[in-house]
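Here the structure is laid out as structure tokens; the discussion comes afterwards.
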Amino acid sequence: MSAKAAQPLVSIITPSYNQAEYLEATLRSVLDQDYPAIEYLVVDGGSTDGSVEIIRRHAGALAWWTSEPDAGQAEAINKGLARASGEIVAWLNSDDVYRPGAVSAAVAALAAHPAAGLVYGDVDFIDGAGRTIGRNSYRQYGLADLLAFRIIGQPSIFLRAELLRQAGGLDPDYHYLLDHQLWIRMARLAGMVYVPAAWSAARLHGAAKNVAQAAAFAEDIERILSWAEGEEDLKAMIETQRARVVGGAERLKGRYLLDGGRPRAALRAYARALLFSPGWALRHWHRMLYAGWRSLIGGADA
């Protein structure tokens, strides 16, 4: 058996909808990886902006692609996951990119940690032109951290397909933090391993969901917390660290509400975060000050 044949197949899914401006860079970042055993699937939701023409140009390098209306990101990714045959799976949104060597590094990390169900790295932030403008660096997290809303950047996460099948796919009832809810379900079954290197870059632009619809993320935080408290094993874990969980949830809500133009609501969320978990909340002290200033001058709260 050749060395290439012995390498596990990695299935990567790109959900796409009207992101033609960035789609070429996304596709190339996958197709130009140095890892030889990649199965690339693109699920387009019926784009009308030229995305389909871009996908067609690369069709010969894709394992499968389609362009048809769907019910949103979760359905699109689940559609790709249903066709994926790799031992390792990941998805990359159509405005994000992988850094060179990301797939090889993720495969190596999973091989080095056979008990891990997923591995993750850091995430760079890039602007619309592809310039790096920041980085989210993480640390080693576990289930308790995820329940306290320590968020991991989705583009830098790679999953074992078998564990994903056990956990179930993405829940289509979630539209914003659907990935975080899935990580919780997977972390119930196996451990997670962090690698301190940037594996991807998330693009920040006006049409990005975490920018254009930021305030709606706060609703998913509430729904995830409510769901977790309805699961007996997760409820028991939450009870042992309730202040940390509520403080983490409120801090994250404050961040999204502020980004969504609701500074007064953000300030209230930050106040609750300070009450429950002051040390964690104060890491956003500059955002709290900004929320206060925006509230004083008459921000955009409804």
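Bear in mind that the values in this text are calculations on the coordinates, not laboratory data. Worth saying up front: this structure is predicted, and the values here are computed from it rather than measured. Because the Cβ atoms are built from the backbone with ideal geometry, glycine has one as well, and the counts that use them run over all protein chains shown.
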Please report, in debye to the nearest 20, how large the charge dipole of the chain is about its Cα centre when each Lys and Arg carries +1 at its beta carbon and each Asp and Glu carries -1 there.
1000
Taking the Cα atoms only, what angle lies between the long axis of helix 102-112 and the longest principal axis of the chain, rounded to 10 degrees?
90
Mean residue ellipticity (222 nm) of the chain, computed from DSSP H runs ≥ 4 via -39,500 (n - 2.57), nearest 500
-14000 deg cm²/dmol
Using only the Cα atoms of the range 134-211, build the gyration tensor, take square roots of its eigenvalues as a ≥ b ≥ c, and label the shape rounded, prolate or oblate: rounded if a/c is under 1.5, else prolate if a/b is larger than b/c, else oblate.
oblate
Cα-derived Rg to Rh of the range 1-121, Kirkwood definition
0.97
Kindly list the residues of the range 169-188 that lie in the label zone of residue 82, defined by a backbone N under 18 Å from the point 7 Å along the Cα-to-C-beta vector.
169-174
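Which whole-number percent gives the relative contact order of the chain, counting Cα pairs below 8 Å spaced six or more residues apart? Could the numbers behind the result be given before it?
Values: 561 pairs, mean separation 48.3, N = 302.
Relative contact order, the chain: 16 percent.
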The range 213-297 - charge dipole about Cα centre, Lys and Arg +1 at Cβ, Asp and Glu -1, debye rounded to 20:
600
For the chain, longest principal axis from Cα atoms; helix 263-276 axis from its Cα atoms; angle between them, nearest 10 degrees, is 80
FRET E, pair residue 162, residue 32, Förster distance 22 Å, beta-carbon r, rounded to 0.05:
0.20
Please determine, in degrees from 0 to 90 and to the nearest 10, the orientation of helix 285-297 with respect to the longest principal axis defined by the Cα atoms of the chain, where the helix direction is its Cα long axis.
60
How many nm is it between the label spots at residue 59 and residue 111, if each spot is 7 Å from the Cα in line with the beta carbon?
3.5
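Any idea what the relative contact order of the range 28-108 is, in percent, if you count C-alpha pairs under 8 Å spaced at least 6 apart?
Once divided by the residue count of the range 28-108, the mean separation gives 43 percent.
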How big is the range 213-297 along each principal axis, measuring the range of its Cα positions in Å and listing the largest first?
45, 27, 14
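Give the calculated FRET efficiency between residue 219 and residue 285 to the nearest 0.05, with a Förster radius of 25 Å applied to their Cβ-Cβ distance.
Working: r = 25 Å, r/R0 = 1.00.
Plugging the Cβ-Cβ distance into 1/(1 + (r/R0)^6) gives 0.50.
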Simple label model, 7 Å out from Cα along Cβ direction - residue 271 to residue 226, nm:
2.3
Could you tell me what % of all Cα pairs in the chain have separations over 36 Å?
16
Modelled label-to-label distance, residue 243 and residue 68, 7 Å Cα→beta-carbon offset: nm?
5.3
